[in-house]
Amino acid sequence: MNIEGIQVEVIRKAILHLRITVYPPDGNVRLSAPLWASDEALRLAVLERLAWIKRHRERIAGQPRQAERRMTDGETHWFQGKPYLLVIREAPGREKVVLTDQGTMELTLRPGSEAEHRRSVLDRWLKKQLSLEIAGLVAKWEPILGVASEALGVRRMKTRWGSCNPRAKRLWFNLELAKKPRDCLEYVVVHELTHLLERRHDAHFKALMDQSLPEWRRIRRQLNSAPPQL
């Protein structure tokens, strides 16, 4: 529905309460609504929250963004919260990524590689490193929380740092987390594991987070303040 020039995506679910979310990087607005709610009720709900929606859209529009990486020498690439200068080396044999003590990220590739291939090699390396970090953190926190996941995965996600399917006990994590500090990754791991105890973001969920990770609100602000990818 279109309300005062703002396009609102409406998704009806078997839920009790409606929820309005504004997503980066473009400020898209999504309304998750109960199946029984009428179109007029949804329109009124959006109008009541219109000032809030506009504030969030303005804040997102004003956030700094990291320009798209062209995968060339001298670019800055982030890993685990630290910046590295990209160095491209061409050589036959195994393609690899190596971090040096001099603050460079050396990407060794076969001669004549295109930017898209360079990006795919780096992404595979980031995914492998992130998967190892996640596995270690999950092994640490599952006994603390008294839960057990069945499957873990890493993929690109447009609007979330992570997700949890409580029924299947499957956790997904955003590949971009490979670039964030370890405490940010740990927060997301604890957050998603806590969903195995409480599906909703209600007072009970927040109390569980307070008990497990008292600094989680500060860490969440740190995570969300980093420049999003273009």
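The values are calculated or read from the model by the stated rules, or taken from the named source; none is laboratory data. Please read all numbers here as calculations on a predicted model, not as lab measurements. With ideal geometry, Cβ positions are generated from the backbone for all residues, glycine too; neighbour counts draw on all protein chains shown.
Given the criteria of a type in the set (Asp, Glu), surrounded by fewer than 19 Cβ atoms within 10 Å (Cβ to Cβ) and modelled with pLDDT of 95 or more, does GLU114 qualify?
Taking the combined requirement at face value, the residue does not satisfy it.
Out of everything in the range 1-29 that is farther than 15 Å from ALA51 by Cα and touching a residue at least 40 places away in the same chain (Cβ under 8 Å), what residue ends up being surrounded by the fewest Cβ atoms within 10 Å (Cβ to Cβ)?
Taking the candidates together, the pick is MET1.
Limited to the range 1-49, what total is found for residues that are touching a Ser or Thr at 6+ places or on another chain (Cβ under 9 Å) and either assigned by TED's automatic domain parsing to the domain that holds TRP161 or of a type in the set (Val, Ile, Thr) (or both)?
6
Give all pairs with beta carbons closer than 9 Å in which a residue from the range 143-162 that is hydroxyl-bearing (Ser, Thr, Tyr) meets a residue that is surrounded by 10 or more Cβ atoms within 10 Å (Cβ to Cβ) and part of a helix (DSSP H, G or I); count only pairs at least 6 apart in sequence or on separate chains.
These pairs meet every condition: SER149/VAL138; SER149/GLU142; SER149/GLU192; SER149/LEU193.
Based on this model, can you work out whether LEU171 counts as crowded, with 17+ Cβ neighbours inside 10 Å and either touching a Pro at 6+ places or on another chain (Cβ under 7 Å) or modelled with pLDDT under 95 (or both)?
no
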